[in-house]
Amino acid sequence: MSTDSGAPTSSDTDEFYRLSHKVMLDLWGENFHQGYWEDEDDRTPIKEATERLTELIIEKSGLERGGRLLDIGCGVGLPAFKAAAAHPVEIVGISNNQDQIDDANQRSAARGLADRVRFEHADAASLPFADGEFDVVWIFESLMHMDRLHVLRECLRVLRPGGRIVVTDQLQLGPMTEENERLLRAHLDAMHASELLDEPAYRSLIDESGIELVEFLDLSPHTGLTGIRVLETVDERTDELVASYGEAVLPILDVFRDPAGLVPELGYLLFVGQRPR
Ligand code: SAH
């Protein structure tokens, strides 16, 4: 099911993550995002490569002097814990999936961070926060699950003037053959992801949202190995995962194994923006 804009609904993504949550924890090593590799010969394991991408997001966030950070689509909180370890920030993470929120809050308490890192169940489409409450907002690999324009405007609302937003998202690299477009569309539907935008369309979206663009990076040469590494892991561990989670895990593994996730036009971006002063 999708909304009028074609974007997935909150209940779609909740259902998807309810089923795939534990499997993803296993496969990705607890960060639900792409890895960052220097080049094709870089053999860094996926767990470490996903940590590297978090480090890049933190570096782009300008948190050295502290402040309040909102992490939209927080997974089980690993990126937030890394930011809290590096800088004297207060963090609120939100997700529309209650299992992730419970898990993330337990992890925060276990790390002794509960006084400044907490997680709440909320839908990104209507953030339960006042205007201008945050210095920095992250949308770390979750905007593809949402109505992008609507959520970017919500982010702008909760950011203080001059506050910063850091986003990673899928990006279409160049024109696609009809066959690749069909394959990819089916794959994105299975992942409950919105349509792909190319760089000009993405820049127009940012512009239309009212966000002032600071930096736009195409990270595809560094993140492209993620799909291959996940595929290798799924192949190696299918029997073990079925033994742990039962047969219900098979359709989820099929989504991750789908070669459409490897079409060369499926890229990845990072952008930094700010709320105009
Ligand atoms: N940023 C995390 C997780 C990325 S996975 C990480 O990098 O590890 C995408 C996340 O977006 C999941 O936590 C999912 O539950 C969340 N999400 C999807 N749709 C959402 C919505 N409408 N509102 C809030 N969170 C949503």
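Among the numbered criteria (1) buried (at least 18 other Cβ atoms within 10 Å of the Cβ); (2) under 16 Å from the mean Cα position of the chain (by Cα), which one does Glu154 miss? Unmet for Glu154, out of (1) buried (at least 18 other Cβ atoms within 10 Å of the Cβ); (2) under 16 Å from the mean Cα position of the chain (by Cα): (2). Would you check if Arg160 is surrounded by fewer than 20 Cβ atoms within 10 Å (Cβ to Cβ) and either assigned to a loop (DSSP other than H, G, I, E, B) or without any contact (Cβ under 8 Å) to a residue 60 or more places away in the chain (or both)? Criteria not met by Arg160.
Of all residues assigned to the stretch 192-199, at least one qualifies as being surrounded by 12 or more Cβ atoms within 10 Å (Cβ to Cβ) and assigned to a strand (DSSP E or B). Restricting attention to the stretch 163-187 and to residues that are at pLDDT below 95 and in a loop (DSSP other than H, G, I, E, B), the residue that is farthest from Asn31 (Cα to Cα) turns out to be Thr177. Within the stretch 119-145, if we keep just the residues that are in a strand (DSSP E or B) and within 15 Å of the ligand (Cβ to nearest atom), the residue that is farthest from Lys22 (Cα to Cα) turns out to be Val136. The set of residues in the stretch 128-151 being surrounded by fewer than 24 Cβ atoms within 10 Å (Cβ to Cβ) and among the small types (Gly, Ala, Ser) consists of Ala130, Gly132.
Of all positions in the stretch 36-51, at least one carries a residue that is within 13 Å of the ligand (Cβ to nearest atom), buried (at least 16 other Cβ atoms within 10 Å of the Cβ), not in a helix (DSSP H, G or I) and not hydrophobic (A, V, I, L, M, F, W, C).
Scanning the stretch 19-32 finds one or more residues that are over 20 Å from Glu232 (Cα atoms) and either more than 10 Å from the ligand (Cβ to nearest atom) or buried (at least 16 other Cβ atoms within 10 Å of the Cβ) (or both). Exactly one residue among Asp131, Asp115, Asp198 is closer than 22 Å to Val76 by Cβ, out of contact with any Cys (no Cβ under 6 Å at 6 or more places or on another chain) and of a type outside the set (Val, Ile, Thr), and that residue is Asp115. Only one of (1) at pLDDT below 90; (2) more than 16 Å from Trp37 (Cβ to Cβ) is not met by Leu205, so which one is it? The number of the failed condition is (1). For the stretch 67-77, the criterion of being in a helix (DSSP H, G or I), at pLDDT 95 or above, surrounded by fewer than 20 Cβ atoms within 10 Å (Cβ to Cβ) and more than 9 Å from the ligand (Cβ to nearest atom) is met by no residue.
Out of the residues in the stretch 1-18 that are part of a loop (DSSP other than H, G, I, E, B) and surrounded by 15 or more Cβ atoms within 10 Å (Cβ to Cβ), state the one that is modelled with the lowest pLDDT. Only one residue fits best here, namely Thr3. Restricting attention to the stretch 255-277, the residues that are touching a residue at least 40 places away in the same chain (Cβ under 8 Å) and not in a strand (DSSP E or B) total 12. Residues in the stretch 100-115 that are surrounded by fewer than 17 Cβ atoms within 10 Å (Cβ to Cβ) and not small (Gly, Ala, Ser): Asp102, Gln106, Arg111, Asp115. Of everything in the stretch 85-98 that's over 14 Å from Arg118 (Cα atoms) and within 12 Å of the ligand (Cβ to nearest atom), which residue is modelled with the highest pLDDT? Per the criteria, the residue is Asn96.
The values are calculated or read from the model by the stated rules, or taken from the named source; none is laboratory data. These numbers come from a predicted model, not from an experiment. Counting neighbours? That spans all protein chains shown, and the Cβs are built from the backbone with ideal geometry, glycine included.
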